[in-house]
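Report on the following structure.
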Amino acid sequence: MEKVKYISMVTAIFTQITGIIFLFINIKVAFGLFYVYFFSLLVLLFVFIKTRMDEKKEDDKNDYRDY
């Protein structure tokens with residue numbers, strides 16, 4: 001899951017910067033890059049939610065408050 005998170009972050013950064021540059025060169029390519037950017041943000045959001053849910057399950061499993 002960590003690999004997916006890092007790949008998604010790098011893809012989001014790269015496509016956003018490249019999309020802004022291509023706004024001045026070719027608008028169709030820029031919109032395509034922004035779609036890829038949006039998709040990578042969705043993947044990143046999904047990974048963060050999944051990681052948080054896994055941590056929550058682990059915390060609930062290791063809850064020793066009631067002894």
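Say we look at the range 17-53 and pick out the residues that are among the charged types (D, E, K, R) and within 22 Å of Val4 (Cβ to Cβ); which of these is modelled with the lowest pLDDT?
Within the range 17-53, the subset among the charged types (D, E, K, R) is 28, 50, 52.
Adding the requirement that they be within 22 Å of Val4 (Cβ to Cβ) leaves 50, 52.
Working: Lys50: 92, Arg52: 89.
Among those residues, the one meeting the criterion is Arg52.
Considering each of Phe46, Phe14 in turn, give the residue that is surrounded by 14 or more Cβ atoms within 10 Å (Cβ to Cβ) and either in a helix (DSSP H, G or I) or touching a residue at least 12 places away in the same chain (Cβ under 8 Å) (or both).
Phe14 is the lone residue from the list that is surrounded by 14 or more Cβ atoms within 10 Å (Cβ to Cβ) and either in a helix (DSSP H, G or I) or touching a residue at least 12 places away in the same chain (Cβ under 8 Å) (or both).
Yes or no: Lys56 among the charged types (D, E, K, R) and either surrounded by 13 or more Cβ atoms within 10 Å (Cβ to Cβ) or in contact (Cβ under 8 Å) with a residue 24 or more places away in the chain (or both)?
It is false that Lys56 is among the charged types (D, E, K, R) and either surrounded by 13 or more Cβ atoms within 10 Å (Cβ to Cβ) or in contact (Cβ under 8 Å) with a residue 24 or more places away in the chain (or both).
The values are calculated or read from the model by the stated rules, or taken from the named source; none is laboratory data. Please read all numbers here as calculations on a predicted model, not as lab measurements. When we count neighbours, we look across all protein chains shown, and the Cβ atoms used for this are built from the backbone with ideal geometry, even at glycine.
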